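Where a number appears in this text, it was derived from the coordinates with a stated rule and is not lab data. Values in this document were obtained by computation on a predicted structure and should not be read as measured data. Cβ coordinates were reconstructed from backbone atoms using ideal geometry, including for glycine residues, and neighbour counts include every protein chain displayed.
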Amino acid sequence: MAGKSQRLPLEGIRVVDLTRVWAGPYATRILGDLGAEVIKIEAPFLPDGRTGGYALDNEPGDDPWESSGIYQKNNRSKRSLTLDLRQPEGQDVFKKLVAISDVVIENYSPRVMPQLGLDYAHLREVNPALIFVSLPGFGASGPQKDWLAYGTTLDSHSGLVSLTGYQDGPPHRMAIAIGDPVGGMYGVLAVMGALFRRRAGDGGSHLDLAQSEALIQFVGPFFIDWSMNGRMPDRAGNRDPDYAPQDCFPCAGDDEWVAISVTSDVEWRSLCGLIGESALALEYPTARDRRASHEDVVRHISRWTSVRPKMDVAAALQAVGVPAGPVNTSRDVVFDPHLAVRGAFELVSHPDGSTRPQIGPMAHLSETPGRVTRPAPRFGADNAYVLGKLLGLDAERVAELEALKVISDQPLIPLPDRQPIKLERWLQVGTAVRVDPEYRELLREQHGATIPEPTTSSARTAL
Amino acid sequence: MSGATPLSRCRVLDVSESVGASYCARLLGDMGADVIKVERPALGDPTRRRGPFPGGVPDLEMSGLFLWLNLNKRGVTLDLRSTAGSSLFRSLCASADVVVTSQLASELEVLGLTYDELSARFPLLVVASVTGFGLSGPNAEYASTEIIAAATSGQLFIQGDRGQPPLKTAGQPFEHAAGVHAAIGILSALWVRDAIGRGQLVDVAVQESAAHFTQMAMTWYTHLGVIQGRIGSRMPFGHPFTILPCLDGYVAITHLPQSTEMLTVLTGIQAFSSDPRFLDPLDRLQHANEMDELLMQWTMQHTKDEIVQQGQQLRMAFDYVNEIPELLEDEQLTDRGAFEAIDFSGGTVTVPRPPFRMLAVDSMRRAPRLGEHNWDVFSDLAGCGGEELFWLEAAGVI
């Protein structure tokens, strides 16, 4: 765009990325979007989640490890190097790369890097200015350091799950494992903080950042409530202790909702005026009244919302200053006109040559905006770049490494035969509420996506 | 770990009045920046009116939410709408690196705090904005709270039970997430400031921050045309990946592999290795109710400690569904020093320390009382004399 620099804020920072699955890859994706050169390392025998989830347009294709949608979203803005860190030749390459890098980031169990002899104590010898960030589930010390954790189990561990749920119902799991991206984003803060400290002359450092300790930040105020009052608030559905009413209200159509959150008596009176219920405003003038009679308040508002489209309801409420928003499906978000005007999406290409919109960097910077610098790399796509250009190994040496299976441009393990997702099963169990047969056409029209006609019609015949 | 905090040479003016923006500024304070919270005289930041309060009694100096969001900050009051206040704010800007705002574009205009205005006079300033929908676009002026961001990001729709209304996550997770995103944006802008010779605007929308978290649901649509639905406490990929009751609470039962033979080893229940309904993850999800009934025959005979310990010993990612007091006694968290006690007007409270402790201030400073540092800040940074400050206070500017 005119006036904006092509420069990216973290240009010149090189990150060696050993992370897998979501938390760590989300951290390095942010660093990549900000312009750091992220080199993702996978072992030839241990590809990272490349066969998980679903394939683009439900067509696994000839190289199924290149088609995972989850892998593609988590690993954009990175380069790929394959390297077997168990072999001395792999360790040698790794140390050479670390010597010319700024950051190493890993989210293995705390046993792994010391066992490989590649922990901070060893790597500091090849690069004293190195910033080494570990993102384990529970941290590198303590009695539970070797426990297994996933994002979802961290959600449970952090207290969020016990606090969330319908009124009088059991604890409720998060639909998205937020423990993963939360751990990742604090990992980025740690990297940035360490970069500033190094710039001030303090040298390198090892940062041990437990994902479990990242997520408990998100329940901070509940710790304070406990200290003050010795109480855990009851699970309260969509209600809020300060804002009343706050809830999801049904709108016209099937499973259509609007969220409304009244933060003041002024807003409440505006809402009542809008829906033609002035008596209600007088009956429940304060938040305390409205909280006490939540069901009645909801009944009155629902009568008005339930015959109107959610987008209209939200716009009408916002027009009179009441916080409201449509409960968007993923499809609504992808085609949200507001996000489109903000340029929140970027088209990212995939190995088959097609492009799809992805949500862009997490902040809009006016002078050095980040961007998706490259699509997720194919397995070992940058072996030649890293080994030849960055490390100066000659072709003969690269061929030796390949013969030793230290590097590879395809996974060296048998991968499960990849079948298209049976979408009718997803509909049956409720994972999918609908499958939109027009999604390709709409993505072309609304986002200008390049999408070739499908070679098979698996997505539709599966239905 | 020793060493200076990363931002000890950085000054931040925080004029924000929302959870996300205040938390963003606090993170910079956690890393050692001198963060000055600027509040309206007498009224203060509206989050001072939100709980928790000791005994549930509202008091501007006792809000637990305000305390949490404003640790590691100093505090001044300043009426930015007055000419004198506005000019005093500009004197502070001269020594600041960052300004953090939460006001909508139209309010920033009124306050004279738009990026264009500030950067014209202070080109090195990094100005951050955290709002529900961002500073641009047709919905920029929309009011927002946590649930509105969750709704418009696509997160709310997929959380909850099938056939029931969508269900919000407790607290303000996406406001906090936007705060972290904005802090990363600010650090990026400060990092590149010398190289480009100027500051910049960092514009964060809570809707987009939440959408980052929901991106998998979006790729289901862009890659498959699938619109994700709500399936309760279960996971779309297979079963068991859920929350179950046990003898003394709830546990997170998580088992990812294709086969569930290990569950037979754990529970002694044969069906997990032989029942054709449980052969693959999707079959198990379809028959999740039947599977949960069997699992509960086992979980209801055991305590959460027994279940989690036995699962972890078999390398299964079982975990507690912790409540707050359990976390405060969690041996892993306490062993690692994850908490700190803080004294403030409302008593002593225990809060989690920043997870990047090795980069954080050694001990956390309680949130400022309203206008607590007026004299220090305005005399040191704006060169105001005692008489002038007295006059400003009398006029209600500070």
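So the values come out like this:
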{"quantity": "Farthest toward positive dipole pole in chain B [+1 Lys/Arg, -1 Asp/Glu at C-beta], among B:I307, B:Q297, B:A382", "calculated": "B:A382"}
{"quantity": "Net charge contributed by nearby residues that have their C-beta within less than 11 Å of A:A55 (K/R +1, D/E -1)", "calculated": "-3"}
{"quantity": "Estimated FRET transfer efficiency when R0 is 45 angstrom, pair A:D63-B:M300 (beta carbons, to 0.05)", "calculated": "0.45"}
{"quantity": "Amide N proximity, region A:87-111 versus A:E400 label position 7 Å along Cα-to-Cβ, cut-off under 13 Å", "calculated": "A:88-90, A:92-93"}
{"quantity": "FRET E, pair A:S141, A:E11, Förster distance 41 Å, beta-carbon r, rounded to 0.05", "calculated": "0.70"}
{"quantity": "For region B:331-398, with +1 on Lys and Arg beta carbons and -1 on Asp and Glu, the positive-most of B:A394, B:L359, B:G337 along the dipole", "calculated": "B:G337"}
{"quantity": "Chain A: angle of helix A:88-99 to the longest principal axis, Cα-based, in degrees nearest 10", "calculated": "60"}
{"quantity": "About the Cα centre, charge dipole magnitude for the protein assembly as shown (Lys/Arg +1, Asp/Glu -1 at Cβ), debye", "calculated": "1020"}
{"quantity": "Full-stretch length increase - A:Q115, A:Q167 - with 0.36 nm per residue and alpha-carbon distance subtracted", "calculated": "13.9 nm"}
{"quantity": "Normalised contact order of region B:130-244, rounded percent, pairs of Cα under 8 Å and 6 or more residues apart", "calculated": "33"}
{"quantity": "Shape of region B:214-283, Cα gyration tensor, a/c cut at 1.5", "calculated": "oblate"}
{"quantity": "Gaussian network model of chain B, Cα within-10 Å springs - most flexible of B:S274, B:S63, B:S233", "calculated": "B:S274"}
{"quantity": "Length gained when the stretch B:D194-B:D380 is fully extended (0.36 nm per residue, less Cα-Cα span)", "calculated": "64.4 nm"}
{"quantity": "Shape of region A:30-164, Cα gyration tensor, a/c cut at 1.5", "calculated": "oblate"}
{"quantity": "Sum of side-chain charges, A:G273 neighbourhood, beta-carbon under 13 Å (Lys, Arg +1; Asp, Glu -1)", "calculated": "-2"}
{"quantity": "Distance between modelled label sites at A:D417 and A:H122, nm, 7 Å Cα→Cβ extension", "calculated": "4.0"}
{"quantity": "Residue-count net charge about B:R369 - beta-carbon cut-off 14 Å; Lys, Arg +1, Asp, Glu -1", "calculated": "-1"}
{"quantity": "Positive-pole candidate from B:S82, B:L69, B:S16, dipole of region B:15-106, charges at beta carbon", "calculated": "B:S82"}
{"quantity": "Alpha carbon centroid spacing (whole Å) that separates region A:367-399 from region A:90-140", "calculated": "20"}
{"quantity": "Gaussian network model of chain B, springs between alpha carbon atoms under 10 Å - residue of B:A94, B:A367, B:A170 with greatest fluctuation", "calculated": "B:A170"}
{"quantity": "Those residues of region B:369-398 whose amide nitrogen sits under 12 Å from the label point placed on B:A42, 7 Å along Cα→Cβ", "calculated": "B:394-398"}
{"quantity": "Alpha-carbon centroid distance for the pair region B:160-194 / region B:269-348, whole angstrom", "calculated": "26"}
{"quantity": "Only Lys, Arg (+1) and Asp, Glu (-1) charged, at Cβ; region B:119-232 dipole about Cα centre in debye", "calculated": "80"}
{"quantity": "Rough spin-label spacing in nm, given labels placed 7 Å along Cα→Cβ, for B:A4 and A:A252", "calculated": "6.3"}
{"quantity": "Inter-part distance where region B:369-395 and region A:9-30 are each reduced to a Cα centre, Å", "calculated": "45"}
{"quantity": "Top of B:G20, B:G55, B:G199 by mean-square fluctuation, Gaussian network on chain B, Cα under 10 Å", "calculated": "B:G55"}
{"quantity": "Mean Cα-pair separation over length for chain B, i.e. relative contact order, pairs under 8 Å, 6 or more apart, %", "calculated": "20"}
{"quantity": "Assigned charges on the beta-carbon of Lys, Arg, Asp, Glu; region A:116-190 dipole about Cα centre (debye)", "calculated": "60"}
{"quantity": "Sequence-separation-based contact order of chain A, relative, with Cα cut under 8 Å and 6+ spacing, percent", "calculated": "20"}
{"quantity": "Sites A:E453 and A:D409 - FRET efficiency at Förster radius 25 Å, r taken between beta-carbons, to 0.05", "calculated": "0.30"}
